[in-house]
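The structure appears below as structure tokens.
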Amino acid sequence: MQLDDIRKRFLSFFESHGHQKVASSSLVPRNDPTLLFTNAGMVQFKEIFLATHPPDFKKATSCQICIRAGGKHNDLENVGKTARHHTFFEMLGNFSFGDYFKDKAIEYTWNFLTKELKLSKKNLYVSVYEKDDEAYKIWHKKIKIEPSRIYRFGEKDNFWAMGETGPCGPCSEIYYDQGKDIGCRKKSCDVGCSCDRYIEIWNLVFMQYQRDEKGELTPLPKPSIDTGMGLERIAAVLQGVHSNYDTDLFQKLISSIEKVVVKKYKENPEADISIRVIADHIRSSTFLISEGVLPSNEGRGYVLRRILRRAIRHGKKLGLTTPFLYKLVPTMVELMGKTYGQLKDQQPFTEKVIHAEEERFLQTLDNGLKILEGEILKLKDQKKKILSGETIYKLYDTFGFPLDLIELLAQEHHFSLDTAGFEKYMNEQRERARAKWVGSGEKKQLSIYHTLSQKLKCQFKGYETTQTHSKLKALIHEGKEVSSLTVSDKPIPCELIFAETPFYGEGGGQIGDTGLIKNKEAEIEITDTQKPFPDLMIHIGKLIKGSIKSGDAFDLTVDTHRRLDIALNHTATHMLHTALREQLGDHVRQAGSLVAPDRLRFDFTHFSPLTPLEIENIENFMNERIRANDPVTATVMSYKDAMDIGAMALFGDKYGNKVRVLQVGNYSTELCGGTHLHSTGEIRLFKLLSETAVAAGVRRIEALTGDGAFHYLKNRDERLKEIETELRVTSGEASKRIKQMADRTKELEREISHFQDKKISESTKDLLDLVKEKNDVKILATILSVSNIDMLRTYCDQLRDRLKSGIVVLGTNLNGRAVLWAFWAMSR
């Protein structure tokens, strides 16, 4: 059975049993600061399990793409060496949110494995948590598995927890026996052995407890189910192979790799490891880049860079000295593009990113080899030839050299390695990484927000109005909920949650609203609005007058002038996205944005700086569409309908069944929850200020709109008039006059330089009188009075030519700083 068929069968099976089929979420988790990558099927349902977001369905099934190559879950270094380790894999799963529990979960699992997939019952074994008698009885009494095939394991193996606190529960695992000829072949080999004979194929988690800070377990009112089965692993079982790399999809990919590397798989064990590494890493790299992750030196981008560079190193081990990985992207699109459309959509861009990283790293490898050769040369004549831990770490961390490559090169020159010193540097690096690691990079929310999100909802009214009257539902001061606050001699910082609000909470690149909240007794100045959870708006500000208490009613008023300026910039970013795609190509995607009242910032995927003509064309497009006064409309519709009309979504963002679609004229259709204008004419003017690089393959535009753009041009015009007045030229002649002055300045600088060289040449004759001789070595040491470092360098050059052989030390005082220049001239 082919891998694609297994995926379809699994999802169809659970759909036929009333489960909602849910598409895989992005590899980049949203609203989860604890994770770097999506690493399990349950990640997209985490808010449902935590009861912070109500489910739209009670039962779900999915095939989730996952990455385990960074943070807590990291399989990177094992990939290629084993039959089943991957950085990228697909996880099949079925989930119940308070609907069915252990009996149904176990029944579904057994029926799918034995009836749908027709696996032999004789090859199946199960494990349960040692204290979970309920699961044991279901397997034994209902499924009719004899006790000798049911294993009880402890908390380490069969108890799952989402974190230190929160939902948790026992789990039950299903194992498949590959036969006595596989694995360690010891008589003692049994379920739980670390060899490959008994492989775990499915894990059922019974989420039935809530663990508090003291470690105490409380039964959940609605227990849930979370299961996971590796698609590649079950495919290997069904296809009768003992390595995931021998399954149909991997074999097609490896076939393409063989053509690129001109090596046959399974002819050389060392080469086989490299081929498996390349096969795995091209999968994870292609998916990550297609979802907007780009190589960089931190966070997700750093993990991607390590994956790519590890694959490139293994290509080099196979004899490849030029870029090759990018040539495998079309095969990936052919194999998985039908299921995961983003691969096909982003194919040209993905190829460019990988090719650019390959070229960059191959150059880096050459530089690293030069450093290693230099270190070897230094230690050549020493008795103890040991490469220092610092050098090894530098080669490993900065230049991407694997330890085995360093060992091989050292052995060739009869060197040993200071591995203890290397480990010291590695441990320090791990500590730094651990201290800096922030998961997805998103802000970690206060626990009070999480608590309040489970009992309060704040309805956003800001699309229709900037003023409303509402009751205060919760009041927060210094991170704790309080019932009331009273101002004394100075304003008191506070955070407020209302039943309804016109204030927009920061999101989608748009910053939060500011304004005023008041009633007869009190006045609160709002300096920011945040949205830590979908239905929770936090009004952040300070109580400047009177007293407030929960339950009081207030008038909420947004700063409308600031809101309008933000709307100008937000609508302009949508138009700019279209302008960039039309001018540069469909590979352009939004990679980040900032929508503020005074400016807009737009990050986008592209590989080269914009040319002056491209910038001019983009500005022309923007201002032409502004003059056309195109309508701007927002419509709420189903996600499916939005996709059917061609709406663009930010890949990886989580969207509900209903989405807000913003249309600008007939050229821009995007999903967006921000505040916008009614027509493009309200923007009045667009001015692009700068276009710069922010990362490999990511460019940034900063621009102004409306009054900001007008004032910028007005100020620039005033400065130009000042220059024209100073230069005594008429309008339009300033640039010509400045060029003339610049040319004359260069000419004068050349004359001065010639004069200085002549003067120095005469002075060096006198300096030669100061030369002394010691042990047949000429020595000149003196202090000179010069105005710049170039003059000192010229003195040195001329003295070297005249002296032919000897030691020269020249000193000078440059702006209160002592400068020494020394050299040893040797006659040839």
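The values are calculated or read from the model by the stated rules, or taken from the named source; none is laboratory data. Note that this is a predicted model, so its numbers are computed, not measured. FYI the Cβ positions are ideal-geometry reconstructions off the backbone, even for glycines, and counts take in every protein chain you see. With ligands, DNA and RNA removed, areas are computed over all heavy atoms of the protein, side chains included. Shrake-Rupley method; radii C 1.70, N 1.55, O 1.52, S 1.80 Å.
Dividing the summed -39500 (n - 2.57) terms of all DSSP H runs of n ≥ 4 by the residue count of the chain sets its mean residue ellipticity at 222 nm at -12000 deg cm²/dmol. Basic side chains Lys and Arg get +1 at the Cβ, acidic Asp and Glu get -1 at the Cβ, and with that the dipole of the chain about its Cα centre reaches some 1600 debye. Ordering Met207, Met791 by accessible surface, largest first, gives Met791, Met207; the 1.4 Å probe counts only protein heavy atoms, with every chain in place.
Please give the length that would be gained between Ala596 and Gln411 if that part of the chain were fully extended, namely 0.36 nm times their separation in residues minus their C-alpha to C-alpha distance (nm, one decimal).
Details: separation 185, 0.36 × 185 = 66.60 nm, distance 5.85 nm.
Here the answer is 60.8 nm.
Amide H contacts under 5 Å for Lys21: Thr61, restricted to partners 5 or more places along the chain or on a different chain, H placed in the peptide plane at 1.01 Å from N. Taken about its Cα centre, region 2-143 carries a charge dipole of about 420 debye when Lys and Arg each add +1 at the Cβ and Asp and Glu each add -1 at the Cβ.
Neighbours of Thr465, meaning other residues whose beta-carbon lies under 15 angstrom from its beta-carbon, give a summed charge of -3 when Lys and Arg score +1 and Asp and Glu score -1.
Kindly state, to the nearest 0.05, the FRET efficiency for Gln740 paired with Ser805, given R0 = 56 Å and r defined as their beta-carbon distance. Display every interim value, and only then the final one.
On the way: r = 48 Å, r/R0 = 0.87.
That pair, Gln740 with Ser805, gives E of 0.70.
Each residue of region 255-272 was assigned a 3J(HN,Hα) from its phi angle through the Karplus curve 6.51 cos²θ - 1.76 cosθ + 1.60 (θ = phi - 60°); the sequence is 4, 5, 5, 4, 5, 6, 8, 6, 9, 9, 6, 6, 10, 9, x, 5, 5, 4 Hz, with glycine and proline shown as x.
Packing order of peptides 214-224, 360-370, 768-778, highest average first: 360-370, 214-224, 768-778 (average count of other Cβ atoms within 10 Å over each peptide's residues). As a length-normalised measure over Cα pairs under 8 Å and 6 or more apart, the relative contact order of the chain settles at 8 percent. Just check region 35-105 against the gyration tensor rule for me: Cα atoms, a ≥ b ≥ c as the square roots of the eigenvalues, rounded for a/c under 1.5, and otherwise prolate or oblate depending on whether a/b exceeds b/c. It comes out prolate by the Cα gyration axes. Taking every C-alpha pair closer than 8 Å and separated by at least 6 residues, the mean separation divided by the residue count of region 1-158 gives a relative contact order of 18 percent. The equivalent ellipsoid of region 495-535 has semi-axes of 20, 11, 7 Å, largest first, where each one is the square root of 5 times an eigenvalue of the Cα gyration tensor. Taking all protein chains together and rolling a 1.4 Å probe, Cys193 ends up with roughly 50 Å² accessible.
Under a point-charge model restricted to the Cβ atoms of Lys and Arg (+1) and Asp and Glu (-1), what is the dipole moment magnitude of region 99-178 relative to its Cα centre, in debye to the nearest 20?
Working: 14 positive and 14 negative charges, 105 e Å.
Computed about the Cα centre, the dipole is about 500 debye.
For Lys266, Lys131, the ranking by accessible surface with the largest value first comes to Lys131, Lys266, using a 1.4 Å probe. The distance from the alpha carbon centre of region 580-607 to that of region 724-781 is 46 Å, rounded to a whole number.
In a fully extended conformation the segment linking Lys180 and Ala818 would gain 221.8 nm over its present Cα-Cα distance, using 0.36 nm per residue.
Judged by the mean number of other Cβ atoms found within 10 Å, the most tightly packed of the peptides 569-576, 695-702 leads the ranking 569-576, 695-702. Here Phe422 sits with roughly 10 square angstrom of accessible surface, probe radius 1.4 Å. The largest accessible area among His19, His676 belongs to the first residue in His676, His19, and the rest follow in falling order (1.4 Å probe, all chains). Oblate is the label for region 106-196, because a/c, from the alpha-carbon gyration tensor with a ≥ b ≥ c as root eigenvalues, is 1.5 or above and a/b does not exceed b/c.
Using the heavy atoms of the protein chains alone and a 1.4 angstrom probe, what is the accessible area of region 593-700 per residue in square angstrom?
Details: 5150 Å² over 108 residues.
Per-residue accessible area for region 593-700 comes out at 48 Å².
Using C-alpha positions alone, give me the convex hull volume of region 605-647 per residue in cubic angstrom. All intermediate terms of the calculation are to be shown ahead of the outcome.
Values: hull volume 4.8 nm³, N = 43.
Once divided by residue count, the hull of region 605-647 is 111 Å³.
In this calculation the C-beta distance from Lys471 to Lys144 is compared with R0 = 56 Å, giving a FRET efficiency of 0.45.
Per-residue Karplus couplings for region 115-120, computed as 6.51 cos²θ - 1.76 cosθ + 1.60 with θ equal to phi - 60°, are listed in order as 9, 6, 8, 6, 6, 5 Hz, Gly and Pro entered as x. Centroid-to-centroid, using Cα positions, region 355-398 and region 269-288 are 25 Å apart. Among the protein heavy atoms of region 682-780, carbon and sulfur supply 51% of the accessible surface, probe 1.4 Å, non-protein parts ignored.
Only protein heavy atoms count here; under a 1.4 Å probe, Ile566 has an accessible surface of about 0 Å².
Based on C-alpha pairs under 8 angstrom that are at least 6 apart in sequence, region 462-536 has a relative contact order of 26 percent. Extension gain for the segment Ile645 to Lys778, taken as residue separation times 0.36 nm less the Cα-Cα distance, is 39.4 nm to one decimal. A cut-off of 5 Å between modelled amide H atoms, ignoring neighbours fewer than 5 places along the same chain, links Cys494 with Gly541, Lys542, Leu543. Farthest towards the positive end of the charge dipole of region 634-703, among the residues Met637, Thr692, Leu677, is the Cα of Thr692, using unit charges on the Cβ of Lys, Arg, Asp and Glu.
At a probe radius of 1.4 angstrom, the accessible area of region 185-299 per residue rounds to 43 square angstrom. With the highest mean first, a sort of the peptides 803-810, 247-254 on other beta-carbon atoms found within 10 angstrom per residue produces 247-254, 803-810. Rounded, prolate or oblate: which fits region 685-743, taking a ≥ b ≥ c as square roots of the Cα gyration tensor eigenvalues, rounded meaning a/c under 1.5, else prolate when a/b beats b/c? Verdict is oblate for region 685-743.
Once backbone amide H atoms are built at 1.01 Å from N, Tyr151 has Val126, Ser127, Val128 as its partners under 5 Å, excluding neighbours fewer than 5 places away on the same chain.
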